[in-house]
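Asks: Mind having a look at this structure? Questions to follow.
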Amino acid sequence: MSMLLKTDEGIRLKGTLSVPGDKSISHRAVMFGSIAEGTTKIHGLLTGDDCLRTIDCFQKMGVQIERNEDDVEIRGRGIDGLQEPKEILDVRNSGTTIRLLLGILANAAFHACLIGDESIAKRPMDRVVQPLLKMGAKIDGRENGSFTPLSIRGGSLTGIDYISPVASAQVKSAVLLAGLRADGVTSVTEPQLSRDHTERMLRLFGCEVEEDGLKKSIKGNQTLRGTTIHIPGDISSAAFFLVAGLIVPNSELTILNTGINPTRTGIIDVLKEMGADILMERKDESSIEPVADITVKTSSLKGIEIGGDIIPRLIDEIPVIALAATQADGTTIIKDAAELKVKETNRIETVVKELSKMGARIEATEDGMKIYGKSKLHPATVDSHGDHRIGMMLAIASCLAKGETAIENNEAIGISFPRFFDLLEELKHSNT
């Protein structure tokens, strides 16, 4: 499918908007509610395809889940109450679903098979499978469980002290979830701090999680209790409009009720360092996460170097940061981001390839990219490569390219932001 975006001379973006609920938190809310005892009510769930995959998987394991748009009620069965699925669990494009689900299924006293789409089939699962095998899980698949399809038979587990080679919230979450019903204590130590939504939500559901710097630990045989969750707007979705408001001339945008979890606000820190005019107005915290209204205005940006410990805090936002860098004075270097190679696409290659089509001066490096500003972008036919974040980044880039830009394979955007194109067009035409 191809989307044609037209940008007129003198376009500006002004207005107030809301973005969908946080994808990472939405996944976890459904999962934790399903394995909790009692009823969990979720408000503001992201209804993109990835999160619907999570709902579908747990429904196939006997969990009763009722959804009214973005309000969801789950009648939890407890970890021991999940039923063996009669069908294969298909996560489609959702890496979060499959990796966290492996941690939960490692405890389940039954067999399950998991598959995904072509993208998932290329993404490494051994980073989760290996620690789970050390705990006693029985998992097999292509290349000894490194790739889907995967087969898992859960059972008795023993806690481990795992030193993760990568800073990955998915790895950390899978191991901690397996540790919920394991004998003894399970801990995960990361090289850098990854997003901490799992730790926050476990506490909300009544579990104890201990923290010692980069080490997170959980005692086995804990029980989750149903609760109520209010999900803030996803900062990874807001990031596209934050950058749009900064680089499109004469623009000012306010994104309401956006999650500003400190492990996710690397995008804010980087944009401010580049010279962005950003104002955050803190709101009352939701049940688990800090929230703010964020206002941005067109700004003169400068190139900077981005790397080190901040990368895990903005890994999903790097495509749109690269776009911002094309409009900054000087050179921007993004490094220590080899993790981009194993996302929905190799995001280093796809960002460089697609922005180059539009006239950006950008080149790939072994662990990131180098962007030379300031580039004048022009219309082109570009491709999301089935990656929602690449597709949205290219749509924002089209706002700087006077004329018609065609984005191929745009349907992937529905994974995290179902109304993205509608909202962008509303903002473009509300000031004409």
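The values are calculated or read from the model by the stated rules, or taken from the named source; none is laboratory data. On a predicted model such as this, the values are computed, not experimentally measured, just so you know. Here the Cβ is made from the backbone with ideal geometry for all residues, glycine too, and neighbour counts use every protein chain on show.
Asks: How about segment 140-156: which of its residues are hydrophobic (A, V, I, L, M, F, W, C) and within 11 Å of Gly103 (Cα to Cα)?
Replies: Within segment 140-156, the subset hydrophobic (A, V, I, L, M, F, W, C) is 147, 150, 152.
If the condition is that a residue be hydrophobic (A, V, I, L, M, F, W, C) and within 11 Å of Gly103 (Cα to Cα), then Ile152 is the only one that fits.
Asks: Continuing with this model, one more query. Give segment 1-53 a look and list any residue that's β-branched (Val, Ile, Thr) and more than 18 Å from the chain's Cα centre (by Cα), or say none.
Replies: From segment 1-53, those β-branched (Val, Ile, Thr) are 7, 11, 16, 19, 25, 30, 35, 39-40, 42, 47; that's our starting set.
Within segment 1-53, Thr7, Ile11, Thr16, Ile35, Thr39, Thr40, Ile42 meet the criteria.
Asks: Quick one: count up the residues across segment 67-87 that are under 24 Å from the mean Cα position of the chain (by Cα) and at negative phi.
Replies: Counting residues in segment 67-87 that are under 24 Å from the mean Cα position of the chain (by Cα) and at negative phi gives 7.
Asks: How do the strands (runs of 3 or more DSSP E) wholly within segment 226-298 filter down when requiring 2 or more residues that are within 22 Å of Lys428 (Cβ to Cβ) and over 21 Å from the mean Cα position of the chain (by Cα): which remain?
Replies: On the way: elements: 228-230, 252-259, 277-282, 291-297.
In segment 226-298, the matching strands (runs of 3 or more DSSP E) lie at 252-259, 277-282, 291-297.
Asks: For the condition small (Gly, Ala, Ser), in the same structural domain as Leu105 (by TED's automatic domain parsing) and not in a loop (DSSP other than H, G, I, E, B), what is the one hit in Gly76, Gly62?
Replies: None of the others qualify; the one that does is Gly76.
Asks: Sticking with this one: From the list Arg28, Arg12, exactly one residue is in a helix (DSSP H, G or I) and either within 15 Å of Asp234 (Cα to Cα) or outside the structural domain of Ser94 (by TED's automatic domain parsing) (or both). Which is it?
Replies: Sole residue among the options that is in a helix (DSSP H, G or I) and either within 15 Å of Asp234 (Cα to Cα) or outside the structural domain of Ser94 (by TED's automatic domain parsing) (or both): Arg28.
Asks: Next up: I need every pair where a residue in segment 10-21 that is closer than 11 Å to Pro249 by Cβ has its Cβ under 6 Å from the Cβ of a residue that is surrounded by fewer than 16 Cβ atoms within 10 Å (Cβ to Cβ), sequence separation at least 6 or different chains.
Replies: Taking only residues 6 or more apart or on different chains, the pairs are Arg12/Asn250; Arg12/Asn431.
Asks: Of everything in segment 212-221, what is in contact with an Asp or Glu (Cβ under 7 Å, 6 or more places away or on another chain) and either part of a loop (DSSP other than H, G, I, E, B) or among the acidic types (Asp, Glu) (or both)? Give them in sequence order.
Replies: Leu214, Gly220
Asks: A follow-up question, please. Would you please name the residue that is surrounded by the fewest Cβ atoms within 10 Å (Cβ to Cβ), looking only at residues in segment 360-412 that are among the β-branched types (Val, Ile, Thr) and within 18 Å of Leu340 (Cα to Cα)?
Replies: Ranking the qualifying residues of segment 360-412, first place goes to Thr365.
Asks: Next question, about the same structure. On the given criteria, is Ile104 closer than 14 Å to Thr54 by Cα, of a type outside the set (Asp, Glu) and either surrounded by fewer than 24 Cβ atoms within 10 Å (Cβ to Cβ) or not assigned by TED's automatic domain parsing to the domain that holds Asn221 (or both)?
Replies: So Ile104 does not fit the description; no.
Asks: Does Ala167 qualify as being surrounded by fewer than 24 Cβ atoms within 10 Å (Cβ to Cβ), touching a residue at least 60 places away in the same chain (Cβ under 8 Å) and either in the same structural domain as Lys41 (by TED's automatic domain parsing) or among the charged types (D, E, K, R) (or both)?
Replies: For Ala167, the condition - surrounded by fewer than 24 Cβ atoms within 10 Å (Cβ to Cβ), touching a residue at least 60 places away in the same chain (Cβ under 8 Å) and either in the same structural domain as Lys41 (by TED's automatic domain parsing) or among the charged types (D, E, K, R) (or both) - is met.
Asks: In segment 4-30, which residues are buried (at least 19 other Cβ atoms within 10 Å of the Cβ) and of a type in the set (A, V, I, L, M, F, W, C)?
Replies: Leu5, Ile11, Leu13, Val19, Ile25, Ala29, Val30
Asks: I'd like to know if segment 189-206 contains one or more residues that are more than 23 Å from Arg264 (Cα to Cα), modelled with pLDDT of 95 or more and either among the small types (Gly, Ala, Ser) or surrounded by 20 or more Cβ atoms within 10 Å (Cβ to Cβ) (or both).
Replies: Taking every residue of segment 189-206 in turn, at least one turns out to be more than 23 Å from Arg264 (Cα to Cα), modelled with pLDDT of 95 or more and either among the small types (Gly, Ala, Ser) or surrounded by 20 or more Cβ atoms within 10 Å (Cβ to Cβ) (or both).
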